[in-house]
1. Just for region 161-175: of the residues that are at pLDDT below 90 and in contact with a strand residue (DSSP E or B) (Cβ under 9 Å, 6 or more places away or on another chain), which one is surrounded by the fewest Cβ atoms within 10 Å (Cβ to Cβ)?
2. List pairs: first residue in region 165-176 and over 23 Å from Glu204 (Cβ atoms) and assigned to a loop (DSSP other than H, G, I, E, B), second residue at pLDDT below 95 and not charged (D, E, K, R) anywhere in the structure, Cβ distance under 8 angstrom, at least six positions apart or on different chains.
3. For region 320-334, does any single residue satisfy the condition of being part of a strand (DSSP E or B), surrounded by 18 or more Cβ atoms within 10 Å (Cβ to Cβ) and without any contact (Cβ under 8 Å) to a residue 40 or more places away in the chain?
4. Just the residues that are open to solvent by 70 Å² or more (accessible area, probe 1.4 Å) and in contact (Cβ under 8 Å) with a residue 12 or more places away in the chain, please, taken from region 397-439.
5. Listed residues Ile506, Ile487; which is open to solvent by 20 Å² or more (accessible area, probe 1.4 Å) and either among the β-branched types (Val, Ile, Thr) or within 60 Å of the chain's Cα centre (by Cα) (or both)?
6. Which of the residues spanning region 464-480 are under 17 Å from Pro447 (Cα atoms) and either touching a helix residue (DSSP H, G or I) at 6+ places or on another chain (Cβ under 9 Å) or in a strand (DSSP E or B) (or both)?
7. Report the residue count in region 167-213 for those that are closer than 20 Å to Glu225 by Cβ, under 38 Å from the mean Cα position of the chain (by Cα) and hydrophobic (A, V, I, L, M, F, W, C).
8. For region 335-350, give me the residue count where each residue is part of a strand (DSSP E or B) and either touching a residue at least 60 places away in the same chain (Cβ under 8 Å) or assigned by the TED database to the domain that holds Ala256 (or both).
Amino acid sequence: MTGKTTASKGHPAQKGHPASKGHPTPKGHPSPKEEPTPAPSAEHPPAAEHPPAAEHPPAEHPPAEHPPAEHPPAAEHPPAPEHAPEHPPAVPVDEPAATPKAEGTPAPEEGSPAPPAEPHPPAAEPEPEKPKAEPPSPPLSLAVEEVSENSVTLTWKTPEHTGSSVLDGFVVEFCKNGSTDWKAANQEPFLSMRYTIHNLAAGEKFHIRVKAVNAHGASVPATLEQPVVVREILQRPRIRMPRHLRQTYVRRVGDAVNLMIPYQGKPQPQVTWTKDDQPLDTKRVNVRNGEKDTIFFIREAQRSDSGKYLLTIRINGAEDKATLEIQVIEPPGPPQNLKLVDVWGFNVALEWGPPADNGNSEIKGYLVQKSDKKSGKWFTVLERCTRTSCTISDLIIGNTYSFRVFAENACGMSEKAAVTCNPAHIQKTKTVYQPEKIHPRDMLEPPKFTQPLTDRTTTRGYSTHLFCSVRGFPQPKIIWMKNQMEIREDPKYIAMIEQGVCSLEIRKASPFDGGVYTCKAVNPLGEASVDCKLDVKGKV
């Protein structure tokens, strides 16, 4: 192997060569004419055979510079620079190393044309740009929900932007007023937007802030504007009894009673339940008291659980009380002493007494049924009868009937009924029709006007009517008069009487028709009259 052959002999730089024109030799790197190219050997293969580094930029920017002259071995690759140089070296990366020539090989003459340039391989596709690492924006609406003697509860809302990755959670930090030593309240980020900081010193002031965290870091913290004073906020005890529990709470025997009654007060109030001024029977009633409510629970209600329960909450001498009245009911027993009082015609009279057990509820009424001996079926004849007696009519003559009565309360009908001991037989009896004597009534009556005439005003050329009503027996004779002059057969006037209503029609009235009109009723028992005034106006 000879070292005389150089890259300038194998590939002399010619005018118009693309490598020499488009890629000038950068400063600080030896040109191909000045630096000898090492010949390939088994230990040191040519540099062009090594693939480019994975992080090199696209082919139009050569990924690495040539190693300096004092380190000629091509096997050791220098680290790829972070940015490609503005001007790549004169020798392209994709050109193979110069092949050594024999000493007798003549160099091309100056006037001879340059050998054709080797074609470049196609450029590699650019890798997609990685998303820019971006932390989330700060949480929104940071506020204090509750303060106790040793804790502070905070709430906030999700940040407007979660950054370039999924939100990992939130970190709550606090420090004393006047200090810059921020401490994390939670060790790991959490996704809840409500957090309570415990074990704070009472009476101290604390600054509190919350950060949103994702894979690329934490957001700018959202900080409370004012420091929070850790102290108990006193609040008088108050029971907030639900509306449906302000009246008697009714349940059936065997039903569960599960009631939640909220209350308020700070510090935590002392809750006490009593029934008839006695502690509750824990075998029957379970009570669980929370921070803001008390739960009253009975698994299977019995009538013995009925009564008034007193709820009392106390805080340092202040107290509030509320009464819960529970009524446990069941169906009533049957009525007592049902008996058949009387049977006449096709009617039967029954009587009974109220049930001995009303089921712990007021009796709303009774249901009465009948059954005839032929069919044996029961039919309802009365519902919700509020009395303890009744009369049953419209029975069929010749049939034999039995009767029974059920009691009813708010829970329903009694399971059993009271039944008559003896049946009622409706016998066929002979009746004699005796018509009622009607005494004749004296219907004679002198005339009397029940509706008088009223004054009227009409317009010239239009017809008008005068009305009045009269009664009397025998039917009175009606006489119409104008200005005390009887109106006889005159086609201008039409007089009528129907069912005691008298009417006089004046057709196409004129000013001459104005005056005082009189209606006079006469019969053998007397006479009566009424007057009115008619005014006829000219057309406007």
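1. Pass one, region 161-175, residues at pLDDT below 90: 161-168.
Keeping just the survivors that are in contact with a strand residue (DSSP E or B) (Cβ under 9 Å, 6 or more places away or on another chain) gives 162-168.
Numbers: Thr162: 17, Gly163: 21, Ser164: 15, Ser165: 14, Val166: 9, Leu167: 18, Asp168: 18.
Top of the filtered list is Val166.
2. Ser165/Asn214; Ser165/Ala215; Ser165/His216; Val166/Asn214; Val166/Ala215
3. No.
4. Initially, region 397-439 is screened for residues open to solvent by 70 Å² or more (accessible area, probe 1.4 Å), giving 397, 413, 415-416, 419, 421-423, 425, 427-439.
Those that are open to solvent by 70 Å² or more (accessible area, probe 1.4 Å) and in contact (Cβ under 8 Å) with a residue 12 or more places away in the chain: Ile397, Met413, Glu415, Lys416, Val419, Cys421, Asn422, Pro423, His425, Gln427, Lys428, Thr429.
5. Values: Ile506 fails: open to solvent by 20 Å² or more (accessible area, probe 1.4 Å).
One residue alone meets the criteria, Ile487.
6. Here is the first cut: in region 464-480, the ones under 17 Å from Pro447 (Cα atoms) are 467-480.
Selection gives Phe467, Cys468, Ser469, Val470, Arg471, Gly472, Phe473, Lys477, Ile478, Ile479, Trp480.
7. Qualifying residue count for the region: 10.
8. Restricting attention to region 335-350, the residues satisfying the condition of being part of a strand (DSSP E or B) are 336-344, 347-350.
In the following step, the residues that additionally are either touching a residue at least 60 places away in the same chain (Cβ under 8 Å) or assigned by the TED database to the domain that holds Ala256 (or both) were identified as 336-340, 343, 348, 350.
Residues flagged as part of a strand (DSSP E or B) and either touching a residue at least 60 places away in the same chain (Cβ under 8 Å) or assigned by the TED database to the domain that holds Ala256 (or both) within region 335-350 amount to 8.
The values are calculated or read from the model by the stated rules, or taken from the named source; none is laboratory data. A quick note: this is a predicted structure, and the numbers were derived from the prediction, not measured. All Cβ positions, even for glycine, are placed from backbone atoms using ideal geometry, and neighbour counts span all protein chains on display. Remember, those area values only see protein heavy atoms, side chains included, never the ligands or the DNA or RNA. Shrake-Rupley method; radii C 1.70, N 1.55, O 1.52, S 1.80 Å.
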